[in-house]
1. Which residues' amide hydrogens lie under 5 Å from the amide hydrogen of ARG471, considering only partners 5 or more residues apart or on another chain, with H built in the peptide plane?
2. Quick one: if you stick a label point 7 Å off each Cα along the C-beta vector at ILE645 and THR613, how many nm between them?
3. Find, among the GluC sites (Glu not before Pro) in the stretch 366-471, those assigned to loop by DSSP (not H, G, I, E, B) with at most 15 other beta-carbon atoms within 10 angstrom.
4. What's the extension gain from THR168 to ASP508 if we count 0.36 nm per residue and subtract their Cα-Cα distance?
5. Once the piece of chain linking TYR722 and ILE114 is laid out straight, how much longer is it, given 0.36 nm per residue of separation minus the C-alpha distance between them?
6. What is the set of long-range amide H partners of HIS387 at a cut-off below 5 Å, with H atoms built 1.01 Å from backbone N?
7. What full-extension length gain, to one decimal in nm, is calculated for PHE361 and PHE537 as 0.36 nm per residue of separation minus the Cα-Cα distance?
8. Please turn the phi angles of the stretch 442-458 into ³J(HN,Hα) values with the Karplus equation 6.51 cos²θ - 1.76 cosθ + 1.60 (θ = phi - 60°), one per residue in order, whole Hz, x for glycine and proline.
Amino acid sequence: MHSNQIDYIESKGFRIVGRYIYKRSETNNRSKVVGQLNDNNFFFHSENVAPFKAGVNFYDDSSITDNTFVQEHIKKIKENERNDFNVSFEEYINSTSVNSVFTKYITKKTHQFINKNFTNYFDIRGVLRGYMESSVCFPFFNYDNEFVTAQIIKYGTDGKRIKSDFSTNWYHAYKPIKKALNLKEKDKYSVPINCFFGENYLKESNNIVGIVEAPKTAVILKEIYPNIDWIATAGEQALFNKNLEVLKGKRVVLFPDAHSSKWVDFGKKEGLNVCEILNIESIEKGSDIADFIFEDSAEVFSDLHEYLFSLNAGYFDADINESLIELNFKVIKEESVYFTALPYRYEGENLLHQIDDSGNFRIDFDGKHFQLFTDKYAIRNAQIDWHKRDRKEGDVLKGFNKDGFVWHLQKSFRILKELNPDTDYKAIFGIALNKLNNESNFSFNEVYVKRILVPLWESYEVNLDNFNKYRDWKYKGSKQLTRTDFNKELNNDRFKRKLNMTLLAFQDVLKENRYIDIETDLGLNKFAKYRGFTQLFDLVKQWNKDVIGCSTVKTYFKKVEFFNKLDKCTEKLPPHISSTYRVETILYSSYSFSEISEITGVTNRATVKDFLTFQKDRDTETLVMQEVEYLLGVIKDINPIRSIIRGKEGKKDTVRIYDFRYIEPANEWVSLYKNRGNWFNVKEEDSVPIFLPKEKLLLEKEKTTEKVYSDILSWNIEYLNYLDSLKQERSKSKVIRLLDCQVRSSSKDWYFPDEKLSLKLVNF
């Protein structure tokens, strides 16, 4: 073998080891033997080894002239080679099995995804026996529907190709099949495969044609999008050897594997459309669209199905109506106000928007506005906050982009359908689309959503658990809060839950009448003092100092050790101390201070005196216990107090809870109701004013920073304005309906001397 031949082979990306020619696989990065060197020539085991000419596998010494190119291609003469392979479709059926591992896989996936049985458009079969048993046969039929041969490939139960040296073969070369056909096993049949897999569908069809590399991909896509004529090449390089005349006059789209430039270049050269959806950085080279067709979590899932659905519906670039097949999504403004679109009623019936499994979880804390659970429960909600900003661009929070918008549209539609299957959910969704397009931050093409996306979502099933959110809280109120107030009240109840747990632990340890360690006993670290728990730190400090007599845990353990050693003294040998020194109520008179020091190891006279004479402060003990019990009783009405923490240079300010206080709930409506008879027919000097003068109320409202108090003042002012108008109207003897002063929950009617007025109670 001449060195120039070896140099030439290695320059093409091959590796020579001894007499064997190795090539590295692009898919799994493993090297395998693809050919062999002889004394004066070399050959490849396959006739399709890039970059050498397809259909040729043998090269002799005269083939290389200047170490840069091959001048001649000589086909190696194989022993017992034949080219008369001719098998009918019936013989193909009889020599194979109806089942294969891949058939079972695609049957299951088809039923899960689109809720229909496997159709088997391509007559795929299984291998009956041999080392390829249960592998799948992909039959090739030419344009005239004549059986040519079949590609045999071994797949696992997950639908993935099994990577091994013996996972691929051909129907005409597989010995057990030749035996079943009564052919000589030694005969080597040469079958040129110039047709596409699925080419027989092209003859009498006007459908759009989709060309993929793998027959597996064509089988899967045909099940989901049957109005497209899917054909496969059975290899990237094989595309260039096919008879393209069968595509003449047809609308053709190439679907190359990810990051494959050869098909893109070929498509441009031949004037064919090329789908490059997979050419994004996150997708591995060599992946094909079948890898993502069932993966609804994949980044390209939505774009891929939208494009395929439009092709399946007959929309092609040459006839595309831009107003129909483009979403034209735009962000026209940036508002953070809470915005929903689905109606709450339709044709007089209430609509369901939400479902959850919170009933399976225990409520950990029942707060003022929220129920807080021990664990997170699953919730599905068709109602979307379309102005929610949960996407970051740098350090800036942004609203939905196109992908997020489409994903949430699908979520809203599918959950609406799930919860209201007996309604005209498409019409209801149409109402939401119209509101979104006219009132939200976004504009988009409603026609595209209705004609492309909605039918697409209807055509296949997804696991609705993908749309679940997981929460450990549930809002109890009916009042719609702003996002800021909502988060504030939720954080308030979360704080109160933690405070409640801490107080319960505090209460338990108080019963043990011992020193309290703030960290180990109450679960609070040193920073908690500045995060709202200052009062508890003060109570603990007061308890330890005045009730236990120890300011530190070190002193406490020293004191415990001190008295444990004294307890070892007997009645006959008690410690001797003066009458002023006490241990509880027991007087010792036998041991001197030096003897006590020797027994206990405490040598400081003042420390010994403190230990023996200390008496707990009963008032402090009662005060601390009562305070803990009191806070537990009013926990729901405790109001966290916040402060602004100035951020460092370049950093944002933060708001943090630093303390809390109890605010008695406002029940102004009770007082109003009790004094309703005094509103008109009493002497001014005898009446007790229910409201301050309007001027004082306005001044008070300007000064206050408390939202609850400010809301009460606002309602008082509004009501005074109403009373003024009512007084004027009474002089005209007209019956007046109360204005929209909305007041909280009393089904009782309010009566005035001359007229009956219905008043809804304000939610204070």
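1. TYR377, ILE379
2. Placing both labels 7 Å beyond Cα along the Cβ direction yields 4.5 nm.
3. Values: sites: GLU393, GLU418, GLU439, GLU446, GLU458, GLU461; in loops: GLU461.
Passing both the DSSP loop test and the Cβ count: GLU461.
4. On the way: separation 340, 0.36 × 340 = 122.40 nm, distance 7.18 nm.
Fully extending the segment from THR168 to ASP508 adds 115.2 nm.
5. On the way: separation 608, 0.36 × 608 = 218.88 nm, distance 6.12 nm.
So the chain would gain 212.8 nm between TYR722 and ILE114.
6. PHE339
7. Details: separation 176, 0.36 × 176 = 63.36 nm, distance 3.26 nm.
Separation in residues times 0.36 nm, less the Cα-Cα distance, equals 60.1 nm.
8. 3J(HN,Hα) across the stretch 442-458, in whole Hz: 10, 10, 7, 8, 4, 4, 4, 5, 6, 8, 10, 5, 4, x, 4, 5, 6.
Rule-based calculations on the coordinates, nothing more; no lab input. No experiment lies behind these values; they were computed from the predicted model shown. Here the Cβ is made from the backbone with ideal geometry for all residues, glycine too, and neighbour counts use every protein chain on show.
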